[in-house]
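Note sheet for the following structure.
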Amino acid sequence: MMKLRIGYRWKNTTVLGPGRRFVIWVQGCRRRCYRCTAPELQSEEGGAEVSCSDLAKEILDTPQIDGITISGGEPLLQAEALTELLDIILSQKPDLTVILFTGFQIEEITDEKSLRLLRQIDLLIDGEYIDELNYDNIGLRGSENQRLIFLSDRLLSFQEELTKGERKREIHLLNPNELLTIGIATRQNN
């Protein structure tokens, strides 16, 4: 059984896709985007390892979710483990939708492990975050260059909301010294 290295997970949010979603933030990213919203997820050694089967059970046992959103870090660095995770989940709950954020453009995704993962994704948000292009504060993407690519028709009825809707954020207290902010960041002032 494979393991995933994750930075965070949250069982129930409504700000990273339609409906109630279980969110996984994978650990590890090599891009180092200027004003990255999650620099603590860049290290490939950080976070915690969890087995795909244990995480799948946790997601399957979470009541009343409509889907899964995967962000990071860079999910494609762990494409094989994410594929295994989604194989387990979607074999038991095929009605769950899957959204994945990646810094890669879809045209750059050519390795078989990543392509296998994309076959399980309903909506891909692709492209590196560019802070100067985060100016309109709308939609489910961080900067104007990022694209929402519908890989299935399961989320097409939400296209207007996902591309032009108002960004929302949630803030949760993880412990007395740590907050988790969920959602797409609005542009920060200098």
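Bear in mind these aren't lab numbers, they're just calculated from the coordinates by the rules spelled out. Quick caveat, the model's predicted, so the values are computed rather than measured. No Cβ is skipped: glycine too gets one built from the backbone with ideal geometry, and neighbour counts run over all protein chains shown.
Annotations for the structure displayed:
- With the charge dipole of segment 45-190 set up from +1 on Lys and Arg Cβ and -1 on Asp and Glu Cβ about the Cα centre, the Cα lying farthest toward the positive end among the listed residues Gln146, Ser157, Ile184 is that of Ser157.
- Peptides 168-179, 85-96 ranked from most to least packed, by the mean per-residue count of other Cβ atoms within 10 Å: 85-96, 168-179.
- The loop-placed GluC sites (Glu not before Pro) in segment 55-101, going by DSSP, include none that has at most 12 neighbouring Cβ atoms within 10 Å of its Cβ.
- Between the listed residues Ile171, Leu117, Val26, the Cα displaced farthest toward the positive end of the dipole of the chain, a dipole computed from Cβ unit charges relative to the Cα centre, is found at Ile171.
- Result for the chain in a Gaussian network model with C-alpha springs under 10 Å: among Glu108, Glu161, Glu74, the largest mean-square fluctuation is at Glu108.
- Size of charge dipole - the chain - debye, nearest 20, with Cβ of Lys, Arg +1 and Asp, Glu -1, no other charges: 340 debye
- Calculated from the structure at hand, Cα extents along the principal axes in Å is found among (i) 45, 40, 34; (ii) 55, 43, 20; (iii) 72, 43, 24 as (i).
- Per-residue Karplus couplings for segment 160-172, computed as 6.51 cos²θ - 1.76 cosθ + 1.60 with θ equal to phi - 60°, are listed in order as 4, 4, 6, 9, 10, x, 6, 6, 10, 9, 10, 10, 10 Hz, Gly and Pro entered as x.
- Among Gly46, Gly72, Gly139, residue whose mean-square fluctuation peaks in a GNM of the chain (springs only between Cα atoms under 10 Å): Gly46
- The chain - share of DSSP beta bridges that are antiparallel (%, nearest 5): 60 percent
- With helices as the sole contributors, the chain gives -5500 deg cm²/dmol at 222 nm; each DSSP H run of n ≥ 4 counts as -39500 (n - 2.57), and the sum is divided by every residue.
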